[in-house]
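Scroll down for the structure; my scribbles are underneath it.
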Amino acid sequence: MGLSFLSKHLPMQEGQPRVQKTPADIISTVEFNHTGELLATGDKGGRVVIFQREPESKTAPHSQGEYDVYSTFQSHEPEFDYLKSLEIEEKINKIKWLPQQNAAHSLLSTNDKTIKLWKITERDKRPEGYNLKDEEGKLKDLSTVTSLQVPVLKPMDLMVEVSPRRIFANGHTYHINSISVNSDCETYMSADDLRINLWHLAITDRSFNIVDIKPANMEDLTEVITASEFHPHHCNLFVYSSSKGSLRLCDMRAAALCDKHSKLFEEPEDPSNRSFFSEIISSVSDVKFSHSGRYMLTRDYLTVKVWDLNMEARPIETYQVHDYLRSKLCSLYENDCIFDKFECAWNGSDSVIMTGAYNNFFRMFDRNTKRDVTLEASRESSKPRAVLKPRRVCVGGKRRRDDISVDSLDFTKKILHTAWHPAENIIAIAATNNLYIFQDKANSDMH
C-alpha cells in the first residue's frame, strides 16, 4: 500500500480513559474540518467533542499531528414528541463543518429530528479599565467618576466558547440520516428516509422539499433514502442513495422538485448470486463524492464501489470488504448485524479508499496498484508510535501465524465511522467508544 500508519489512542474524555463503557459514550460520527486542523466527533449521548491539531513547536519538532481535546459541549438533549408519543434520541447522527469565513469555526450537528448550527470562537484577552463599571462588573456611583480612562485588553488563559447560532427544527417527519453543506456556502440539505429538504443557513423557520419519494399509500413503499450529498463543486448537483442499491443524481436547475433524477446509477444483479439476503446486502449505507467531483464512492454490506459520473450502467471499480462473511449471512441476519451501516472515505488525492469492518478491522484499497490491506484499531496496536501490522482473516484450510479465523471474529466490535484528513495521510477511526488517530509514517518525522 505504501502506507505504514503510526497510532495514537484518544480517550473521549480528558484525564483518564473511560473504564466502563456506556451506550452514551459510543461514537456515532467523525468529521475533519476543511483544513484538517480540527476533528469533531459526536456520540450517542448527544455530546460533540472537538480535537485540535497541535502546532509544531521548537522544543518538540516532531509533535505535529498530535490531536488534543479542544472543546466539549452538549449538542442535543433527549426530547419527547407528545403528538406522536415518541421519544427523540439525543444521539448525534451527523456533523458537517462549514467552510471557515473568519476567525470563528462553524459546524452543523443533527440528531433524528433537529439540526443545529454551532459557532466556535476563541477568547484570550479580556477588557479592563471600565469607566462606569468596577472589576466585578457592577455599575459605579456616577458621582465617584472624576476622570476618564481608555479600557485596555489584557491577556488571559485561552477560552473556547461554543454557542448555538441557529436551530432548524420541524423539517422532518422521519429520521434524518444525512446532512450536506452546499458549495455555495449558503445552503445545505438534510435527508430522511423519504424526503430531502434544502435549507438556507440564515433561515430556520422554513425549508424547501426537493425530493419526496413517499407513495400515496405506504403499502406501496419499496425503497427508502439512505444517504445524500452535494457535489463538491457544482452547487446545483446532488446525489442520493437508496436501500435498493441505486444512486440518483439530481440537478436542481431542472425543476424545483427533483423527483425525476438526471441520472440513475444501478448495477444489474447477477442472477447466480440471488438469495434471500440480496436486497438487504445491496442497500447503500454511504455515498461520497470524490474531491475532484468526477467519481462517487458507495458502500453496501459486503463491498465498496467507485462510480464514474459519466457511466451509469455499472461501477468502474468494485472492492470486496469482507467477502468471507457471505456464508455467514444467515447468522448475521439473526443478530441484526446485516443491517449495520458502514461509512466510507476517500483520501485527499482520491487514490485510496477506506471503510470499516468487524473485529475492529478497517480496510484500505489503493486504486492505482489494486493492493488492499486490513488493519486493526485496538488498544494493543495503539501504543504511541506503534506501527500497524496488516491482519488477515482466513476462511479455512492452512492458517498462517497471526491469521484470525472467520469464526472467531467479534461482531460487537465494529468500525462504522471513519474520516480521512483532507490533505494528509491522517485517519480517524471510531471503534465503539474509542477514537484512534493514525498517521502515515512515511509522511511524518516520527519514525
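The values are calculated or read from the model by the stated rules, or taken from the named source; none is laboratory data. This one's a predicted model, so the numbers in the text were calculated from it and none came from an experiment. Neighbour counts run over all protein chains shown; Cβ positions are idealised from the backbone, glycine included. For the accessible areas, the whole protein counts, side chains as well, though only heavy atoms, and no ligand, DNA or RNA atoms are used. Shrake-Rupley method; radii C 1.70, N 1.55, O 1.52, S 1.80 Å.
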Problem - Solvent-accessible heavy-atom area per residue, rounded to whole Å², over region 160-218 at 1.4 Å - result: 47 Å²
Fill in the blank from the handout: Simple SL model, points at 7 angstrom along Cα→Cβ for GLU77 and TYR174; separation in nm is 3.0 nm
Exercise for the section: Mind listing the lone cysteines of the chain, meaning no other Cys beta-carbon sits under 4.7 Å from theirs? Expected result: CYS185, CYS235, CYS330, CYS337, CYS344, CYS394
Practice task
In nm, give the distance between the simple-model label positions of HIS234 and GLU279, each being 7 Å from the Cα along the Cα-to-Cβ direction.
Solution key: 3.2 nm
Completion exercise
Within region 32-141, DSSP-loop trypsin sites (Lys or Arg not before Pro) with at most 15 other C-beta atoms within 10 Å are LYS58, LYS84, LYS138, LYS140
Completion exercise
Residues other than ASP157 with Cβ under 14 Å of its Cβ, Lys/Arg counted +1 and Asp/Glu -1, net out at +1
Completion exercise
With R₀ set to 60 angstrom, the calculated FRET efficiency between the beta-carbons of ASP259 and LYS389, to the nearest 0.05, is 0.75
Exercise for the section: About the Cα centre of the chain, how large is the charge dipole given +1 on each Lys and Arg Cβ and -1 on each Asp and Glu Cβ? Please answer in debye to the nearest 20. Expected result: 940 debye
Handout entry: Accessible-area composition of region 190-262, carbon plus sulfur, in percent [1.4 Å probe]
Key = 52 percent
Practice task
Could you tell me what percent of the accessible area of region 84-145 is made up of carbon and sulfur, with a 1.4 Å probe and every protein chain present?
Solution key: 47 percent
Practice task
Report, to the nearest whole %, how much of the accessible area of region 333-403 belongs to carbon and sulfur atoms, 1.4 Å probe, protein only.
Solution key: 46 percent
Completion exercise
Out of ILE404, LEU264, LEU142 - ranked by how far each Cα lies towards the positive end of the dipole of the chain, with unit charges on the beta-carbon of charged residues - the top one is ILE404
Completion exercise
Relative contact order as a percentage, the chain, C-alpha pairs under 8 Å and 6+ apart, gives 14 percent
Practice task
Considering only PHE339, PHE265, PHE365, give the residue with the highest GNM mean-square fluctuation for the chain, with springs between Cα atoms whenever their separation is below 10 Å.
Solution key: PHE339
Exercise for the section: Would you mind getting me the FRET efficiency between LEU148 and ASP124? Use the beta-carbon distance for r and R0 = 25 Å, nearest 0.05. Expected result: 0.40
Completion exercise
What helix-only [θ] at 222 nm does the chain give? Using -39500 (n - 2.57) per DSSP H run of at least 4, over all residues, to the nearest 500, the answer is -500 deg cm²/dmol
Completion exercise
Violations at 20 Å Cα threshold for listed pairs LYS305/LYS341; LYS263/LYS305; LYS44/LYS389 -> LYS44/LYS389
Practice task
State to the nearest 20 debye the size of the charge dipole of region 190-293 about its Cα centre, where the only charges are +1 on K and R beta carbons and -1 on D and E beta carbons.
Solution key: 380 debye
